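Here's the structure we're looking at; comments come further down.
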Amino acid sequence: MNDETRDKWDAVYDARDVAAAEPARVLVEYVHLLPKSGQALEVACGRGGNAVYLARHGLQVTAWDISPVVVDKLRHYAEQQQLDLHAAARDLRQHPPIPGSFDVIVVTHFLDRSLIPALIDALRPGGLMFYQTFTRSCVSAAGPSNPEFRLADNELLVLFGGFRLLAYRDEGRVGDLGRGFRDLALIVAQKI
């Protein structure tokens, strides 16, 4: 685990409340596509808003983050709420998920292109990928300043090109920039 990265995120999450975490738009808008049961993974879970949401919708959830600080908070919250949620500190570059082990994978506000093949392999056939993160075609300063951690136009379509597309949204800088879904792209796709 990269100590500098871990320490950075430990400091970010130290004063943040896990109970106040909200699920991402990609999950809220497409919750009807979730299976009634199964194994779900939230990658780079942060405060675990998506993981908690998945557990409350009947899935057995694994939530991984590089920050032991936030993982401990999420683990404690899940125990208090009696959720089927296992949180663990994990560096995915060193310890990728086991192939064929999840029915649902959720990734939000995180982009490491080198991990995409391992995430695809971790999905079972018919499994769903819910992905939402920042784009380079942004209208605000939200998100990372380094363009390497932002999606190019239509990049999610390329990254998950072998999947069945269920939902996609990437409005870029078209039309009225004060309205719509800006700074982010999302995809819901099914592994064939």
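The values are calculated or read from the model by the stated rules, or taken from the named source; none is laboratory data. Everything numeric in this text was worked out from a predicted model, so none of it was measured. When we count neighbours, we look across all protein chains shown, and the Cβ atoms used for this are built from the backbone with ideal geometry, even at glycine. For accessibility, only protein heavy atoms count, side chains too; no ligands or nucleic acids. Shrake-Rupley method; radii C 1.70, N 1.55, O 1.52, S 1.80 Å.
For this structure, a couple of remarks:
- Of all accessible heavy-atom area on the range 41-192, the percent that carbon and sulfur account for (1.4 Å): 52 percent
- Accessible area of the chain divided out per residue, in Å², using a probe of 1.4 angstrom: 49 Å²
- Whole-Hz ³J(HN,Hα) from phi, Karplus 6.51 cos²θ - 1.76 cosθ + 1.60, for the range 40-45, glycine and proline x: 10, 10, 10, 8, 6, 5
- Volume per residue of the convex hull around the Cα atoms, evaluated for the range 83-151, comes out as 128 Å³.
- Toward the positive end of the charge dipole of the range 1-151, with +1 on the Cβ of Lys and Arg and -1 on the Cβ of Asp and Glu, the farthest Cα among 31, 87, 105 is that of 31.
- Straight-distance crosslink candidates among lysines, where the alpha carbon sits under 20 Å from residue 36 and sequence neighbours closer than 8 are dropped: 191
- Backbone phi angles across the range 146-161, fed through the Karplus curve with coefficients 6.51, -1.76 and 1.60 (θ = phi - 60°), yield HN-Hα couplings of 7, x, 5, 9, 10, 6, 6, 4, 6, 5, 4, 5, 6, 4, 10, x Hz in residue order; Gly and Pro are listed as x.
- Under a model in which nothing but the beta-carbon of Lys, Arg (+1) and Asp, Glu (-1) is charged, the range 20-118 shows a dipole of about 60 debye around its Cα centre.
- Annotation: Cα Rg of the chain relative to the compact-globule expectation 2.2 N^0.38 Å equals 0.98.
- Each residue of the range 65-78 was assigned a 3J(HN,Hα) from its phi angle through the Karplus curve 6.51 cos²θ - 1.76 cosθ + 1.60 (θ = phi - 60°); the sequence is 8, 6, 8, x, 4, 6, 4, 4, 4, 5, 4, 4, 4, 4 Hz, with glycine and proline shown as x.
- Residue ranking by accessible heavy-atom surface, 1.4 Å probe, largest first, among 8, 73 comes out as 8, 73.
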